[in-house]
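The values are calculated or read from the model by the stated rules, or taken from the named source; none is laboratory data. From a predicted model like this one, the values you see are computed outputs, not experimental measurements. Because the Cβ atoms are built from the backbone with ideal geometry, glycine has one as well, and the counts that use them run over all protein chains shown. Each accessible area value is taken on the protein alone, full model and side chains, heavy atoms only, with ligands, DNA and RNA left out. Shrake-Rupley method; radii C 1.70, N 1.55, O 1.52, S 1.80 Å.
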Amino acid sequence: MVTRVNNYPNDYFYYEKFDNTKDLPKEYILSKFSGLDGLMSAFLIFKKDQTVEIIPVADDFSKIGGKPSLKLNNEIENIDFIHWRDSTSNSLDSIIELSDVIKSEITRNKAGHSKVKYDRSLLED
């Protein structure tokens, strides 16, 4: 499970579920959204070994702390990323595409048949 805390222009990703009104762990992945002319895009992959990997597409991502269960893969070469993305196009069971526009993100992932579940509060209008 991953907790995502939106604090424009930054998003914070924590491994496990946390109440974001309390002190959050000091280990997380930070996405710095550039705002007006930029966007945030990445893939969140839930792996069988209970780790979660983030592959950034657009934005400035950095790992804060050393929690091994939450991985940042920002070293994937473009051609390797294209092959990886093509190989997942029909099997998005444990993958979601992240976006700075959460409603759009949810719609895209539903259309892609991702089986990753969102917190119900994000699904309400």
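Taking only C-alpha pairs under 8 Å that are 6+ residues apart, what is the relative contact order of the chain in percent?
20 percent.
Ignoring everything but the protein chains, give the 1.4 Å probe accessible area of V101 in square angstrom, nearest 10.
Approximately 80 Å² of V101 is accessible to the 1.4 Å probe.
Once phi is turned into θ = phi - 60°, what whole-Hz ³J(HN,Hα) does the Karplus curve with 6.51, -1.76 and 1.60 give for every residue of segment 39-56, x standing for Gly and Pro?
Per residue, the Karplus-derived 3J(HN,Hα) values read 8, 10, 8, 6, 10, 10, 10, 8, 9, 5, 7, 6, 8, 10, 10, 10, 10, x Hz.
Take the Cα gyration tensor of the chain, multiply each eigenvalue by 5, square-root it, and list the three semi-axes largest first, rounded to whole angstrom.
Working from the Cα gyration tensor, I get semi-axes of 20, 18, 16 Å.
Treat every Asp and Glu Cβ in the chain as -1 and every Lys and Arg Cβ as +1, leave all other atoms uncharged, and give the resulting dipole magnitude about the Cα centre to the nearest 20 debye.
Value, rounded to 20: 420 debye.
Go through R108, R85 and list them by solvent-accessible area, largest first, probe radius 1.4 Å.
R108, R85
Under a point spin-label approximation (7 Å from Cα along Cα-to-Cβ), what is the K71-V116 distance to one decimal in nm?
According to this spin-label approximation, the distance is 1.5 nm.
Need one number for segment 1-55: average projected area of the convex hull over its C-alpha atoms, nm².
4.1 nm²
In square angstrom, what is the accessible area per residue of segment 71-114 with a 1.4 angstrom probe?
Per residue, segment 71-114 has 65 Å² of solvent-accessible surface.
Can you list residues from other chains, or at least 5 along the same chain, whose modelled amide H is less than 5 Å from the amide H of G38?
Sorted by chain and number, the residues that satisfy this come to none at all.
Add -39500 (n - 2.57) for each DSSP H run of 4 or more in the chain, then divide by its residues: what number comes out at 222 nm, to the nearest 500 deg cm²/dmol?
So the calculated ellipticity at 222 nm is -5500 deg cm²/dmol.
So which of K47/K67; K63/K103; K22/K115; K48/K115; K22/K110; K47/K115 end up more than 19 Å apart, counting from Cα to Cα?
Check vs 19 Å cut-off fails for K63/K103; K22/K115; K22/K110.
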